[in-house]
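In what follows, a structure is listed as structure tokens, so that the remarks can point back to it.
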2 protein chains.
Amino acid sequence: MKCQKCRDKAVIKIARANAKYCAACFNAFFVSQVRRGLEREKMASRSDKILIAVSGGKDSLALWHVLSRLGYETAGLHIDLGIGEYSASSRRYVELFAERENLEVYSYSLKEAYKMGILELAGETDRSACSACGTVKRYLFNKVASDKGFPVLATGHNLDDEAARLLGNLLRWQDAYLEKQSPVLESEEGFVKKVKPLYRLSEQETAAYAFLNGIPYVIEECPMSVDAPMLVYKKALNLIEHQSPGTKHQFYLEFLEKRKKEPDRFLPKDKKDGRVCQECGQPTTSQICGFCKLMNKPSFTGRPAAS
Amino acid sequence: MKCQKCRDKAVIKIARANAKYCAACFNAFFVSQVRRGLEREKMASRSDKILIAVSGGKDSLALWHVLSRLGYETAGLHIDLGIGEYSASSRRYVELFAERENLEVYSYSLKEAYKMGILELAGETDRSACSACGTVKRYLFNKVASDKGFPVLATGHNLDDEAARLLGNLLRWQDAYLEKQSPVLESEEGFVKKVKPLYRLSEQETAAYAFLNGIPYVIEECPMSVDAPMLVYKKALNLIEHQSPGTKHQFYLEFLEKRKKEPDRFLPKDKKDGRVCQECGQPTTSQICGFCKLMNKPSFTGRPAAS
């Protein structure tokens, strides 16, 4: 198997593109796909400082690696969710990478700040761990980026993540999410701009990039996510991708094209206006934001806590 | 496990409805779902004669059984595709059922009419067997129904078929198919009305109905369909259904509701006008219909044959 660019020995085959690459040419392909995403979706200007949400997994560390190679000024943000050895290990990989690459990282421990990790928080409310985790991360990502003066927050979501999410939104016809699902969400009313520069690259490709660039990362999936619907959507799409390589790519990228051409088609009929949380001042669509509802745990019963 | 209706011993569990039924109550449930589909979608009036496309499999024979139990005047139409023992066996099951139930069946043999079966036909053109089969069946179903004076043609497509087809259409964003995918297609310009009364019932449920009513049917899948994309879509949806019972139901039935409320959302942007085939006079969107293109095999190269 030879690299189709330089005829050197190929180390990876990308079925959807019917392409084979050596390590150097694969890296070039990977970086060009990230650059294309950044430019096509106008994710960041050269002078924008980018805060990268890093979990310690392959996607977010590969993203941080590429963006700093591309010359962006970056820092990492890691939320330690307090899920036993998994979180401890994730944090170590983030700190190891930051030290090795001489990059700044903000570490934020839920247990230190709130005296409880995500499991205890979920246990004290009527939320699943994944749901509570989503609320906490969305909130803290935005808050830290705002507070530290980063105009752009980047996450490591890849093509598999986005295609699985799109599938879930379509299976349940979640119009409000279909409108919002995008590799770039512009800043508005207290929200910083959010971007997903890996949206054109598959999970297999980000894993290969991390491996070929010697980036150590936490390999285990979060122990809480074993039964997460997203994992089942990914498995289902992988079944189809295996028989028809390129399906995920076509599914997600054509959705983005269609929505650009026909935005009305994906507009929810009952859109809520943006407001400011009465407790913390962060943006929300109701009186109290999801994070404060979650944190007001003793009184949280689905109704906003008394203020 | 007890039947939730009569407390007799239950024989089937329907996860999506969290329901358990004995044989008699399951039959009542099944028939009520067919009746609801017929009424809600205005599929046929009591006086309409219904031609049922019967392959010899569980779905089409279960459909024929229910519709004749519901008092509709029906006849079967079987196309013998000439696929070796599979087709011979399918035909025997259809004729056995018709004889036992004292119902009329029209059998149509491709080999007798055209001196070749679907495999030879596909081999002599550049079409896959499944694609040629689809063209031949669509054409002959409509032609026989028209010629014999049936205002309605019914097929045995079930919820799994329709959900898998919807998934395939969404994965490739096939707008023209999204508009047309419906449990009822009204008659227009040479096309008889086409209905799918089993669209609310899963494959598991039609198999149970056939079993519980002692309907013998051909169990093997068509040997040509082993690699068909539809089977992979079904597998993928079954993975998701297993974890979240009810997903297929919600996915397909909500799609139908959405399209009723927002028809513009699913209208293709480049709709073709209906015409009449210059060779056979049947309806088509181009000069020569797909069936005649296929049958003009020696000259068929993707262009219409010279007329």
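Quick look at the numbers
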item: Separation in nanometres of the label points that stand 7 Å from Cα toward Cβ, at residue A:88 and residue A:70; result: 3.6
item: 20 Å binning of all Cα-Cα separations within the protein assembly as shown, expressed as whole percents from 0 upward; result: 16, 43, 30, 11, 0
item: Euclidean distance between Cα centres, region B:220-239 to region A:23-62, Å; result: 37
item: At q = 0.18, 0.19, 0.24 Å⁻¹, base-10 log of I(q)/I(0) for region A:195-296 (Debye sum, equal scatterers on each alpha carbon); result: -1.13, -1.13, -1.19
item: For region A:153-211 versus region A:77-119, the gap between their alpha-carbon centres in whole angstrom; result: 22
item: Those GluC sites (Glu not before Pro) in region B:1-105 that DSSP places in a loop and that have at most 16 other beta carbons within 10 Å; result: B:73
item: Per-residue Cβ neighbour rank within 10 angstrom, fewest leading, A:173, A:64; result: A:173, A:64
item: Residue mean of other protein chain beta carbons inside 10 Å, A:67-73; result: 0
item: DSSP bridge orientation in chain B - percent antiparallel, rounded to nearest 5; result: 35
item: Which listed pairs, of B:194/B:293; B:5/B:248; A:13/B:248, have C-alpha distances above 31 Å, in listed order; result: A:13/B:248
item: Per-residue mean of C-beta atoms belonging to partner chains within 10 Å, peptide A:167-173; result: 6
item: Net length gained if the chain between residue A:231 and residue A:96 were fully extended (0.36 nm per residue, minus Cα distance); result: 45.8 nm
item: Spin-label pair residue A:242/residue B:267, simplified geometry with 7 Å Cα→Cβ offset, distance in nm; result: 4.2
item: A:6, B:289, B:22 arranged by Cβ crowding within 10 Å, fewest neighbours leading; result: A:6, B:22, B:289
item: Where trypsin sites (Lys or Arg not before Pro) fall in DSSP loop in region B:89-150, at most 12 other Cβ within 10 Å; result: B:115
item: Computed [θ] at 222 nm, helices only, for chain A once each DSSP H run of length n ≥ 4 contributes -39500 (n - 2.57); result: -14500 deg cm²/dmol
item: Alpha carbon convex hull of region B:69-127, volume per residue in cubic angstrom; result: 101
item: Over region B:1-99, volume per residue of the alpha carbon convex hull, in Å³; result: 140
item: DSSP bridge pairs, region A:1-150: antiparallel proportion in percent, nearest 5; result: 30
item: In region B:212-289, the GluC sites (Glu not before Pro) that fall in loop regions by DSSP, at most 11 other Cβ within 10 Å; result: B:220
item: Reachable aspartates and glutamates, given that their alpha-carbon falls under 20 Å from the alpha-carbon of residue A:115 and they are not under 8 places away in the same chain; result: A:80, A:85, A:124, A:126, A:279
item: Rounded to 5, percent antiparallel among DSSP beta bridges of the protein assembly as shown; result: 35
item: Globularity ratio of chain A, using Cα Rg and 2.2 N^0.38 Å; result: 1.02
item: Residue A:113/residue B:17 FRET efficiency (R0 41 Å; Cβ-Cβ; nearest 0.05); result: 0.35
item: Residues B:249, B:157, sorted so that the one with the fewest Cβ neighbours within 10 Å comes first; result: B:249, B:157
item: Difference of contour (0.36 nm per residue) and Cα-Cα distance, residue A:188 to residue A:45; result: 49.7 nm
item: Average other protein chain Cβ within 10 Å of Cβ, residues A:238-247; result: 4
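None of the figures in this text is laboratory data; all of them are computed from the coordinates on show. The shown structure was predicted, so the numbers you read here are calculated from the model rather than taken from an experiment. Note that each Cβ is placed from the backbone with ideal geometry, even for glycine, and that neighbours are counted across all protein chains shown.
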